[in-house]
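These notes are about the structure you will find just below.
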Amino acid sequence: MRVLVGVKRVIDFAVKVRVKPDKTSVVTDNVPHSMNPFDEIALEEAVKLKEANHAKEIVAFSLGPAKNQEILRTALAKGADKAIHLEVDDATYQKVEPFHVAQAIAKLAKDEKFDLVFLGKQAIDDDANQTGQLVAGFLNWPQATFASKVETEGTSHLKVTREIDGGLETIKVKLPAVLTADLRLNEPRYATLPNIMKAKKKPIDKKTPKDLGLDLTSQTEVLEVSEPPTRKGGEFVEDVPTLVKKLKEKGAL
Amino acid sequence: MFSHNLLRSVSSAVCKKCEGLVPKFEAIFGNEYVKTTESFRDHYGHDEGHFPNRPPDIVLMPGTVQEVSAAIRLCNEQRIPVIPYGTGTGLEGGVTAFKGGVCLDLKRMDQMTQLNEEDFDCVVQPGVTRKMLNEMLKNTGLWFTVDPGADASICGMIATQASGTCSVRYGTMKSNVKNLEVVLADGTILYTRGKNRRPWKSSAGYNLTDLFIGSEGTLGVITSACVNVHPRPPALSAAVCSFPDVARAVETVVNIRHMALPIARIEFLDEKQMQACIAHSKLNMEEKPTLFMEFHGANERDVEEQTALAEELCILNQGIRFEAATDTVGMNQLWQARHMAYYATMSQRKGARGFTTDVCVPLSQLPKVVTETRKDIDASGMYGTIVGHVGEGNFHCIFPVVEEDEKEMQIIWGLSDRLVKRALAVGGTCTGEHGIGLGKINYLKEELGEEGVHLMKLLKKTLDPNNILNPGKVLSE
């Protein structure tokens, strides 16, 4: 089984995100970035499948500007065998949507005959939660999203436990398939120095949108990005009747 | 014995002076970073120990070392106490402002300003905690190895000479500091190793870096630290084993050290602690003295061999149920009791605060000291559990206490006092890693001798002639 793992470079989760003054997007210059945490989990699961001899090769994929190479090197250090970098410039990347990323992944999956596409359930910057589902749609492959447990059923199927609103659901999907990883699927390993060294020698294939016949026409337009309203100070009241009165005034009761 | 007289009400003279300085502070920091409301200041008058809350008169939140310097200079001119505050996770009352004054909340200074991967070091400000640093380092293959229980500010850990479960192999905080940026009592900004210097070692002049390590905010305020990081071990494994009694558990530790096994973590939980943990987390383990071990190695075979040797030594000392794991989930499960120890003990008594002791003795004396301590606690009728970084001869008794119950506190202080005397009698120390703070000031003379304390007081007088830097801590007045 050959596995394609999508990894996205996002603003690090610990950063206090600020909106640009022109309200078109958030500030990304000189802000720490890292691999989307759900993608780390997907990669970890793929590597575990390889360690258990269920997968033969893990290929990491990322669409984005030159800086995305760092994320791919990290993926290689954490156990991916090869990487594919679909490079676009910064300006183009601003307008890239899950729709485009899914097209690219679908094309790669078909052309290079992957058996499993493994993505994070959503990215922590846009929270779109679309790419995995779109890929399955483009390829007409079965999908098992929000995976919290993955087991093999012979060499033709996977048994996946999914996190859903009411609890857990276990389904069986026939390969090739698309999976997206949820938080409790595993705890990703750290990259050790020896593996980081080895990763420097692993290949990163460069591709352009043209190579994949990718149409990057925008499907949506961002109208405005703004911060939530700032929290105002509270006030003390003398007694409960006053409290009730104030709550009624503010429409809370 | 600790005297409650120390915690009398705040000096009103200091309070008035602080009020007078508010406009000056606001000019330096901006209004939003000068806090005077009672509810805000309340948070800063205590740490996670058992000493009563004594809030400062003002809390300042500096953003730069220049602001820290300006504030301290002002306080020095006015003879106002200054207390640095990192995460407030200390256990010895280090931040208790019983003389009032100004608290410097350093959390706004929260950057890793340098990462030098090839040199295995990085520079962090006081707002960076050890878990934050490891999160920042997570993809570099490097990690910061000093891991006390709390997610403490690294600069705070330096101020208390902290250590953790991994110190038996990777060293305490002291062994992992290359350089410090310290603001002195007169506002001078000092670089203990020289500005921007990061040699692995140096013989240049007196060791100023070590002077400030463990000084608990009484000689200077640490505003930046160059600390060591280590390569993450490529392979790990963990093991657990119980023993019929304390002596055999500790004997195993001695054997392990003597066999030159480079054990990464070795922790001890006594019977009472195991009982609490098993009840609290519903574990399938023995209610007996238990060792928790972790091995780091270059590859899987290396850790397998280490684990096998440790197993042999445990069995030789009549160990019961040796269990090992190499996967993350399994390892966490084996160590669960150790991770939950403090909470398990505290859960035995609702509403109590934790009173923790901290002696450290030569390894050869550990079985005797732990056994006698256990006997003393059992005879007193108080409930207390024992957890230890046994690889270094350091152990903690944890008592859930209700500070208001004076009779009970008398018994607890008695136990603690006898424990310290016991440790000092065998060549140990009253505090392995928590610091002197408020509670252990009276032991310094016995432990270090008059000459030692005299020299410390001379140093304090030289560096802080007006006694504004965390006054009343570490040294008696």
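Data overview
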{"read-out": "Residue check, B:Arg349 in contact (Cβ under 8 Å) with a residue 12 or more places away in the chain and of a type outside the set (A, V, I, L, M, F, W, C)", "value": "yes"}
{"read-out": "Total residues in segment A:26-58, condition more than 14 Å from every other protein chain (Cβ to nearest Cβ) and loosely packed, with under 12 Cβ neighbours inside 10 Å", "value": "2"}
{"read-out": "Residue under evaluation B:Arg108, criteria (1) within 14 Å of chain A (Cβ to nearest Cβ); (2) surrounded by 18 or more Cβ atoms within 10 Å (Cβ to Cβ); (3) within 22 Å of B:Glu216 (Cα to Cα); (4) touching a residue at least 60 places away in the same chain (Cβ under 8 Å), criterion not met", "value": "(2)"}
{"read-out": "Filter result for the condition that a residue is modelled with pLDDT under 95, within 14 Å of chain B (Cβ to nearest Cβ) and within 29 Å of B:Pro233 (Cα to Cα), over A:Leu193, A:Leu185", "value": "A:Leu193"}
{"read-out": "Cβ-Cβ under 7 Å pairs, at least 6 apart or on other chains, segment A:196-216 side within 14 Å of another protein chain (Cβ to nearest Cβ), far side among the aliphatic types (A, V, I, L, M) and in a helix (DSSP H, G or I)", "value": "A:Ile196/A:Ala77; A:Ala199/A:Leu76; A:Ala199/A:Ala77"}
{"read-out": "Condition broken by B:Ser242, with the remaining ones in (1) closer than 27 Å to B:Phe399 by Cβ; (2) in contact with a helix residue (DSSP H, G or I) (Cβ under 6 Å, 6 or more places away or on another chain); (3) surrounded by fewer than 24 Cβ atoms within 10 Å (Cβ to Cβ); (4) small (Gly, Ala, Ser) satisfied", "value": "(2)"}
{"read-out": "Residue among B:Glu267, B:Glu251, B:Glu286 that is of a type in the set (Asp, Glu), assigned to a strand (DSSP E or B), away from every other protein chain (no Cβ under 14 Å) and in contact (Cβ under 8 Å) with a residue 24 or more places away in the chain", "value": "B:Glu267"}
{"read-out": "Unique residue being of a type in the set (Lys, Arg), over 20 Å from A:Ser34 (Cβ atoms) and surrounded by fewer than 21 Cβ atoms within 10 Å (Cβ to Cβ) when the list is B:Lys138, B:Lys131, B:Lys195", "value": "B:Lys195"}
{"read-out": "From A:Leu175, A:Leu168, A:Leu158, A:Leu134, residue being of a type in the set (A, V, I, L, M) and closer than 25 Å to A:Arg9 by Cβ", "value": "A:Leu134"}
{"read-out": "The one condition in (1) closer than 16 Å to B:Ala344 by Cβ; (2) among the polar types (S, T, N, Q); (3) modelled with pLDDT of 95 or more that B:Gln318 fails to fulfil", "value": "(1)"}
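Per-residue answers, yes or no, for (1) under 30 Å from B:Cys226 (Cα atoms); (2) assigned by TED's automatic domain parsing to the domain that holds B:Ala152; (3) surrounded by 14 or more Cβ atoms within 10 Å (Cβ to Cβ); (4) among the basic types (Lys, Arg):
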residue	(1), (2), (3), (4)
B:Cys15	no, no, yes, no
B:Asp47	yes, no, yes, no
B:Val59	yes, no, yes, no
B:Gly86	yes, no, yes, no
B:Gly101	yes, no, yes, no
B:Glu117	yes, yes, yes, no
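The values are calculated or read from the model by the stated rules, or taken from the named source; none is laboratory data. Keep in mind the model is a prediction, meaning the values are calculated, not measured. Quick reminder, even Gly has a Cβ in these numbers, built from the backbone with ideal geometry, and neighbours come from all protein chains shown.
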